[in-house]
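Data first, discussion second: the structure below is written as structure tokens.
The values are calculated or read from the model by the stated rules, or taken from the named source; none is laboratory data. It should be emphasised that the depicted structure is a prediction, and the values quoted were computed from it without experimental measurement. Don't worry about glycine lacking a Cβ; one is built from the backbone with ideal geometry, like all the others, and counts go over all protein chains shown. Keep in mind that these areas ignore ligands, DNA and RNA; they rest on the heavy atoms of the full protein, side chains included. Shrake-Rupley method; radii C 1.70, N 1.55, O 1.52, S 1.80 Å.
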Amino acid sequence: MFRRERSLPLRGSAAALCNNLSVLQVPARNLTHFGVVHGPSAQLLSAAPEGVPLAQRKLHAKEGAGVSPPLITQVHWCVLPFRVLLVLTSHRGIQMYESDGSVMVYWHALDSGDASPVQAVFARGIASSGRFICVGTWSGRVLVFDIPAKGPNIVLSEELAGHQTSVTDIATEPAQGQDCVADMVTADDSGLLCVWRSGPEFKLMTQIPGFGVPCPSVQLWHGTVAAGYGDGQVRLYEASTGTLHVQISAHARAICALDLAPEVGKLLSAAEDTFVHIWKLSRSPESGHTEVEHCHGECVPDTQVCGARFCDPSGSSFAVTGYDLAEILRFSSV
């Protein structure tokens, strides 16, 4: 069981974007950072364990040649082996900051040369794998940036071509030293999933066909891909083969966010039907297939949920954002 805790007030509200919440735990300082997007700005909050807000910062999308300020599409903390960077994506490009948002260390402008005049140009979908940060784009390409241990000498090392439509989300997990292991998955607006092996050269391992609906959010856990779809379905696949193990009619409307608590295999799903569900994933000893058990359901009344994240690796607390909601809702296990 979970209970509602003290909310964190926002200076603005959350935009109606999928995956519109990022959470970073800083155990050494006993702090949790939250990031939320609204229009041309991203709000960063720091909070103590009891939910006491300690600091707020607002970051803006880098201006381009356009008349109106560019809209931010996502904010996400990337935890690399040697540093933590905050990444913002927008309709103009990709901005990378030190983890507290104080210093911008890199800016990558999007090239709209091959886009039609009526096509929106944007970046969306952010994840880190080893020393790389991967960012999806409107064209379906995934940009791979090689991040140094310190300093701003970030290099665009590779562009991955696997999608024909806009990338929606990217998920990774540590490869744990195994060769030929699938440790990254990318999703797009057609519902197609591409499973990759990361490294100095990324390799496409398999493609999992879509079902005619977008896949706004994906996660990866112990070689299992969890994908949330626009029809409210959650599907679990074997990452290496693309085999479907489980299909759950999890929500009545489009799923907007998935998250994983890797230590315990808990999966969080949130959707436009105002519900947040928590599921327990496990591997069957006999068949090796992934099994699912429903643990908790939470209704957030009169709210179009747009972001949800666990606040700790053990899945004992989570946070939720909603469209036009000027606060971050917090829940913790009883």
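Across the alpha-carbon atoms of the chain, the computed radius of gyration and Dmax are 18.5, 61 angstrom. Restricting the chymotrypsin sites (Phe, Trp or Tyr not before Pro) of the stretch 11-87 to loop positions (DSSP other than H, G, I, E, B) with no more than 15 neighbouring Cβ atoms within 10 Å leaves Phe82.
Note that the stretch 152-305 presents 42 Å² accessible area per residue, ligands and nucleic acids not counted, probe 1.4 Å.
Can you pull the percent of the stretch 242-311's accessible area that's carbon plus sulfur, 1.4 Å probe, other chains left in place? For the stretch 242-311, the apolar C and S fraction of the accessible surface comes to 47 percent. Label the stretch 217-334 by shape, choosing from rounded, prolate and oblate, from the square roots a ≥ b ≥ c of the eigenvalues of the Cα gyration tensor; if a/c is under 1.5 it is rounded, and otherwise prolate applies when a/b is larger than b/c, oblate when it is not. Taking the square roots of the gyration eigenvalues as a ≥ b ≥ c, the stretch 217-334 is prolate. Projecting the alpha carbon convex hull of the stretch 1-98 along each direction and taking the average yields 7.7 nm². When the square roots of the Cα gyration tensor eigenvalues are ordered a ≥ b ≥ c, the ratio a/c for the stretch 210-250 is 1.5 or more and a/b exceeds b/c, which makes its shape prolate.
For the stretch 69-115, the share of accessible area belonging to carbon and sulfur comes to 53 percent (1.4 Å probe, ligands and nucleic acids excluded). Applying a DSSP loop filter and a limit of 14 other Cβ atoms within 10 Å to the GluC sites (Glu not before Pro) in the stretch 244-302 leaves Glu263, Glu286. Applying both filters, DSSP loop and at most 15 other Cβ atoms within 10 Å, to the trypsin sites (Lys or Arg not before Pro) of the stretch 207-305 gives Arg253. Classified by the C-alpha gyration tensor, the stretch 116-262 has an oblate form. Its axis ratio a/c, with a ≥ b ≥ c, is 1.5 or above, and a/b does not exceed b/c.
Over the C-alpha trace of the stretch 155-224, radius of gyration and Dmax come out as 12.0, 36 angstrom.
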